[in-house]
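Peer 1: Pasting a structure below so you can have a look.
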Amino acid sequence: MAKTNHSDQIIFSMFAVLIATTVNAGTVTSDIYTTNGTSAGKVVFEDSQYGLLIKPQLTGLPAGIHGFHIHQHPDCGDHAMNAGGHLDPANTNSHQGPYGQGHLGDLPVLMVDSKGTAITPLLAPRLKTKDIQGHSIMVHEGGDNYSDNPPLGGGGTRIACGKISL
């Protein structure tokens, strides 16, 4: 019967923890609530070689195209107004969409089907999970033209919000 070296066990345990941490390091999940406090589902964020993969699993939203953004603060209180404005760490003060050089929080629009469900994955090429932690995800009523005319792309009222944290 072979003897087990205590240091080998410690190294193996540390290796197992490292693997488990690495597997989960690039994924963040945010629970989403309407501004009335009703659960709307969740959004899963995953790092990919092309940027941040955003996988909505949302229900109970108005059908159509909606503005979708990362906002400054992880606070959805006061009908989501406590979330602040769009994430803009470079202070560009410019709404240019997910492929432009404006707000870092500008995401592709969220598509909600006629049953109120949003499950179409999106890609935000300028973001990684480390960029969005400690912020919030926001659904705005109406579309988004990715410009500042009308202001903030013409997106409307905040209708759903989720805190983004580990």
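The values are calculated or read from the model by the stated rules, or taken from the named source; none is laboratory data. Owing to the predicted nature of the structure, the values given are computational and were not obtained by experimental measurement. Reconstructed Cβ throughout: ideal geometry from the backbone, glycine too, with neighbour counts over all protein chains shown.
Peer 1: Name the residue, out of H95, H140, H135, that is within 18 Å of I70 (Cβ to Cβ) and modelled with pLDDT under 95. I'd like the intermediate steps shown before the answer.
Peer 2: Values: H140 fails: modelled with pLDDT under 95; H135 fails: modelled with pLDDT under 95.
Exactly one residue qualifies, and that residue is H95.
Peer 1: Follow-up. When you scan segment 1-78 for strands (runs of 3 or more DSSP E) that lie fully inside it, which ones turn up with 2 or more residues that are in contact with a Cys (Cβ under 8 Å, 6 or more places away or on another chain), modelled with pLDDT of 95 or more and surrounded by 14 or more Cβ atoms within 10 Å (Cβ to Cβ)?
Peer 2: Values: elements: 27-34, 39-48, 51-58, 64-71.
Once the strands (runs of 3 or more DSSP E) in segment 1-78 are filtered for at least 2 residues that are in contact with a Cys (Cβ under 8 Å, 6 or more places away or on another chain), modelled with pLDDT of 95 or more and surrounded by 14 or more Cβ atoms within 10 Å (Cβ to Cβ), what remains is 27-34.
Peer 1: Within segment 114-146, how many residues are buried (at least 16 other Cβ atoms within 10 Å of the Cβ), of a type in the set (A, V, I, L, M, F, W, C) and within 21 Å of S39 (Cβ to Cβ)?
Peer 2: Looking only at that region, the number is 6.
Peer 1: Still on this model: Of all the residues that make up segment 103-138, how many are among the acidic types (D, E) and assigned to a loop (DSSP other than H, G, I, E, B)?
Peer 2: Going through segment 103-138, the residues among the acidic types (D, E) turn out to be 106, 113, 131.
From what is left, the residues that are assigned to a loop (DSSP other than H, G, I, E, B) are 113.
Of the residues in segment 103-138, 1 are among the acidic types (D, E) and assigned to a loop (DSSP other than H, G, I, E, B).
Peer 1: Would you confirm whether or not segment 153-160 contains a residue that is outside any loop (DSSP other than H, G, I, E, B), closer than 23 Å to N36 by Cα and at pLDDT below 95? Don't jump to the end; show me each part of the working.
Peer 2: From segment 153-160, those outside any loop (DSSP other than H, G, I, E, B) are 153-154, 158-160; that's our starting set.
Those left that are additionally closer than 23 Å to N36 by Cα: 154, 158-160.
Those left that are additionally at pLDDT below 95: 154.
Scanning segment 153-160, I find at least one residue that is outside any loop (DSSP other than H, G, I, E, B), closer than 23 Å to N36 by Cα and at pLDDT below 95, so the answer is yes.
Peer 1: Let me ask something else about it. Condition (residue is polar (S, T, N, Q) and touching a residue at least 40 places away in the same chain (Cβ under 8 Å)) applied to segment 74-93: is it met by at least one residue?
Peer 2: Narrowing segment 74-93 to residues polar (S, T, N, Q): 82, 91-93.
Still in the running and touching a residue at least 40 places away in the same chain (Cβ under 8 Å): none.
Taking every residue of segment 74-93 in turn, none turns out to be polar (S, T, N, Q) and touching a residue at least 40 places away in the same chain (Cβ under 8 Å).
Peer 1: Then there is this: Do you know which residues across segment 82-96 are surrounded by 13 or more Cβ atoms within 10 Å (Cβ to Cβ) and either of a type in the set (G, A, S) or over 18 Å from A124 (Cα atoms) (or both)? Outline the logic, then answer.
Peer 2: Narrowing segment 82-96 to residues surrounded by 13 or more Cβ atoms within 10 Å (Cβ to Cβ): 82-88, 92, 94-96.
If the condition is that a residue be surrounded by 13 or more Cβ atoms within 10 Å (Cβ to Cβ) and either of a type in the set (G, A, S) or over 18 Å from A124 (Cα atoms) (or both), then N82, A83, G84, G85, S94 are the ones that fit.
Peer 1: Another question, then. Pull up segment 97-109, narrow it to residues that are farther than 15 Å from G134 by Cβ and hydrophobic (A, V, I, L, M, F, W, C), then point me to the one that is surrounded by the fewest Cβ atoms within 10 Å (Cβ to Cβ).
Peer 2: First, the residues of segment 97-109 that are farther than 15 Å from G134 by Cβ: 97-103, 106-109.
Of the ones still in play, those that are also hydrophobic (A, V, I, L, M, F, W, C) are 107, 109.
On the way: L107: 26, V109: 22.
Only one residue fits best here, namely V109.
Peer 1: Then there is this: Could you check segment 96-116 and list, in sequence order, the residues that are more than 22 Å from Y50 (Cβ to Cβ) and over 17 Å from the mean Cα position of the chain (by Cα)? Before the answer, list the steps.
Peer 2: Pass one, segment 96-116, residues more than 22 Å from Y50 (Cβ to Cβ): 112-116.
D113, S114, K115, G116, listed by residue number.
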